[in-house]
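First the structure, in the form of structure tokens, and then the observations on it.
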């Protein structure tokens, strides 16, 4: 069971169930047609349709008669990418409904771990008290329940995501002094953290070469021109970022600075390179290595690259291109084959990437890659990544 789906299966109170039901079925008798379409798209979790409506100018801050906004609804769903898109387009992540619930309340009540993380990183208030409980209290309760339900945290990757969320909760509570019982709550957080014991697993030959655990921060590129136009034809070959994509990347400065990254690895495709260039905080002075093994899974001209001699001069000299051949085709030869990258080809380059990571001395690594690649790398164990979403992964 993915942590993106739930934190636990506590029996919700009647009030909680009403909160979720109202958020799921908004009353928009006076709303515009476009507003109805936005809520409908969120309810069926159609990310592409949501993005299309937001880009066409539909206001994500509209509310129904209960005060529910599109973000309230999205916070009860499983698709974290939709919540991220709403926030990126100006949704109020601290909006309160008629019961005093914020989107963070509903994400905690619905046990949507990934969305809780997105809201916290956006700056959502942990101590909103108009509701019957603060988001922090609800999150602690859900996390505690998850500790008691061992089958929900059988995956080491899910454990790593939970630990990351626990630390995020603790840091936010300490920095903002958002609760009067800060010491008691932080103690609970510490107890929860220590109760998660990562199980020993049989090491592969590659893993035996290094006993150092690695933390990867997997980042999908910002919105590209092809994403915006829903077109992957040859006219969009190796397309770059839109203005919105660049803004999405720059919005990562603070988050990446707090993650204390030691190494950045980036795909040689333009949209990933531009994301890396704009997302890394000015304080970062570590290596930036361009690596073909993390390029997009190639199924169209859109994911065909350019030769190093053409693309390298467009980016800062501190980018290390030594792993990319100068004048050879480093990407899947879609032009010649007119067929998608084979599973065997994809598997081999992912294995090569894992060996690269294990051979490095750095332990905290930012990986600027692509949606399909990250989805396959995580074996479908997480929601499909949104543009510029940061996913924590332990190796």
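Here is how the numbers come out for the structure above:
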{"read-out": "Count - residues of region 337-364 that are in contact with a strand residue (DSSP E or B) (Cβ under 8 Å, 6 or more places away or on another chain) and closer than 30 Å to residue 77 by Cβ", "value": "0"}
{"read-out": "Filter result (surrounded by fewer than 21 Cβ atoms within 10 Å (Cβ to Cβ) and touching a strand residue (DSSP E or B) at 6+ places or on another chain (Cβ under 6 Å)) within region 373-389", "value": "none"}
{"read-out": "Filtered residues of region 219-247 (kept if in contact with a helix residue (DSSP H, G or I) (Cβ under 7 Å, 6 or more places away or on another chain), over 19 Å from residue 89 (Cβ atoms) and part of a loop (DSSP other than H, G, I, E, B))", "value": "232, 233, 237, 238, 239, 240"}
{"read-out": "Matching residues, region 297-320, being more than 20 Å from residue 363 (Cβ to Cβ) and surrounded by fewer than 18 Cβ atoms within 10 Å (Cβ to Cβ)", "value": "299, 300, 306, 307, 309, 310, 312, 313, 314, 316, 317, 318"}
{"read-out": "Residues of region 359-379 that turn out to be closer than 22 Å to residue 275 by Cα and free of Cβ contacts under 8 Å to residues at least 12 places away in the same chain, as a count", "value": "1"}
{"read-out": "Candidate set: region 248-257, residues that are in contact with a helix residue (DSSP H, G or I) (Cβ under 8 Å, 6 or more places away or on another chain) and either free of Cβ contacts under 8 Å to residues at least 60 places away in the same chain or assigned to a helix (DSSP H, G or I) (or both); chosen: the one farthest from residue 280 (Cα to Cα)", "value": "248"}
{"read-out": "Inter-residue pairs, beta-carbon under 8 Å, first without any contact (Cβ under 8 Å) to a residue 40 or more places away in the chain and in the same structural domain as residue 215 (by TED's automatic domain parsing) and in region 344-358, second surrounded by 16 or more Cβ atoms within 10 Å (Cβ to Cβ) and not in a helix (DSSP H, G or I), 6+ apart", "value": "345/332"}
{"read-out": "Filter result for residue 273 (surrounded by fewer than 22 Cβ atoms within 10 Å (Cβ to Cβ), touching a strand residue (DSSP E or B) at 6+ places or on another chain (Cβ under 9 Å) and outside any loop (DSSP other than H, G, I, E, B))", "value": "no"}
{"read-out": "Condition met for residue 265 (part of a strand (DSSP E or B), surrounded by 18 or more Cβ atoms within 10 Å (Cβ to Cβ) and either in contact (Cβ under 8 Å) with a residue 24 or more places away in the chain or touching a strand residue (DSSP E or B) at 6+ places or on another chain (Cβ under 8 Å) (or both))", "value": "yes"}
{"read-out": "Exclusive hit being surrounded by fewer than 20 Cβ atoms within 10 Å (Cβ to Cβ) and at pLDDT 95 or above, set 294, 289", "value": "289"}
{"read-out": "Residue in region 216-223 that is surrounded by fewer than 19 Cβ atoms within 10 Å (Cβ to Cβ) and touching a residue at least 60 places away in the same chain (Cβ under 8 Å) present", "value": "no"}
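The values are calculated or read from the model by the stated rules, or taken from the named source; none is laboratory data. Note that the coordinates shown come from a computational prediction; the quantities given were computed from them, not determined experimentally. Using ideal geometry, Cβ is built from the backbone for each residue, glycine included, and neighbour counts are taken over all protein chains shown.
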